[in-house]
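K.L.:
Starting off with a structure, shown below.
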Amino acid sequence: MLSEPVLTARREDGRDVPLLVWRADRPLRAVSSAPLGGGIGVRHWVVNATVPMSYDRDDPADHLAELADRLDLDGPGVGLLTGVDVAELVARTDTGVRVWATVGLGTPVRAAEPAPAALAQRVGTVNIVVYVPARLGDAALVNAVATATEAKVQAIAELGVPGTGTPTDAVTVLCPVDGPESAYGGPRSTWGAPLARAVHAAVTAGGGVGTVVPWSDRPAS
């Protein structure tokens, strides 16, 4: 089982920078596109860390590993980064599937269009974390990422945002390592259908709040 996320902070450059931590009470299977812990494997925790919009480290995986070490997180895990204040997390549940999303849509792109010469420095990144309460096979895990992405794009379209996402979106899907294996994760499968509904609801809620101010653009408290 994956815990509910805990909001905490780390001290960097004279400011308390927020981050979220999920812990698993036992190892979980995971698929992720995250900078740290990406791919398919067994994972023990997830971190979603806010960073300033000026973030320019070329070793994000090392940075996230440092944060995990400060948090005394053991074993392999997943690390995500975003310019959004992760305190604005949106959570949704459907038929046992739990979804958490931090939604920044200030730099929307259409996936198949040429990249502009420079992207405006506005808050971006949609990070989605999913827990499915049943073991998914490798193909089903990959399919679940596709389903989550389809649901995200559906929500973005319905919000009227001119894009399919941002250049730095990431998805993580976790499930138990034991139990009967489900072979499918598509939007009409047993677990893919509630996953799609929960992701759609979370991204719709997170993207419907209006203009999101990057954490680093807010006055220091």
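The values are calculated or read from the model by the stated rules, or taken from the named source; none is laboratory data. No experiment lies behind these values; they were computed from the predicted model shown. A quick note on method: Cβ atoms are made from the backbone with ideal geometry, for glycine too, and the neighbour counts reach across all protein chains shown. Surface areas here come from the heavy atoms of the whole protein model, side chains and all, with no ligands, DNA or RNA. Shrake-Rupley method; radii C 1.70, N 1.55, O 1.52, S 1.80 Å.
K.L.:
Report the accessible area of residue 199, computed with a 1.4 Å probe over the heavy atoms of all protein chains in place, in Å² rounded to the nearest 10.
P.N.:
We get 0 Å² for residue 199.
K.L.:
Rounded to the nearest 5, what % of DSSP beta bridges with both residues in the chain are antiparallel?
P.N.:
Given both bridge residues lie in the chain, the antiparallel proportion sits at roughly 75 percent.
K.L.:
Hey, another quick one. Can you bin every Cα-Cα distance in the stretch 63-221 into 10 Å intervals starting at zero and give me the percent of pairs per bin, rounded to whole numbers?
P.N.:
Final binned percentages: 11, 36, 34, 17, 2, 0.
K.L.:
Would you please put 184-192, 69-77 in order of how densely packed they are, using the mean number of other Cβ atoms within 10 angstrom per residue and starting with the highest?
P.N.:
The packing order, highest mean first, is 184-192, 69-77.
K.L.:
So, with a 1.4 angstrom probe, what is the percent of accessible area on the stretch 171-210 that is carbon and sulfur?
P.N.:
Exposed carbon and sulfur together represent 59 percent of the surface.
K.L.:
Counting alpha carbon pairs within less than 8 Å and at least 6 residues apart, what relative contact order, in whole percent, applies to the chain?
P.N.:
Relative contact order for the chain comes out at 23 percent.
K.L.:
At q = 0.10, 0.20, 0.23 Å⁻¹, what log₁₀ I(q)/I(0) does a Debye calculation on the Cα points of the stretch 25-126 give, no solvent, two decimals?
P.N.:
With no solvent term, the Cα-only Debye profile gives -0.34, -1.21, -1.39.
K.L.:
Now for a different question. Given contacts defined as C-alpha pairs under 8 Å and at least six residues apart, what's the relative contact order of the stretch 92-221, whole-number percent?
P.N.:
Result for the stretch 92-221 is 36 percent.
K.L.:
Next question. Please calculate how many Å² of accessible area the stretch 1-128 carries per residue, with a 1.4 Å probe and no DNA, RNA or ligand atoms counted.
P.N.:
On a per-residue basis, the stretch 1-128 sits at 47 Å².
K.L.:
Can I ask one more? Which order do the peptides 100-111, 151-162 take when ranked by the mean count of other beta-carbon atoms within 10 Å per residue, highest first?
P.N.:
100-111, 151-162
K.L.:
Quick check: at a probe of 1.4 Å, how many percent of the accessible area of the stretch 50-166 sits on carbon and sulfur atoms?
P.N.:
52 percent
K.L.:
Assuming R0 = 25 Å, what is the FRET efficiency of residue 188 and residue 26, from their Cβ-Cβ distance, to the nearest 0.05?
P.N.:
According to the calculation, E is roughly 0.25.
K.L.:
Still on this model: Sort 48-54, 9-15 for me by packing, meaning the mean count of neighbouring Cβ atoms within 10 Å per residue, highest on top.
P.N.:
48-54, 9-15
K.L.:
Could you grab the relative contact order for the stretch 1-109? Cα pairs under 8 Å, six or more apart, rounded to a whole percent.
P.N.:
23 percent
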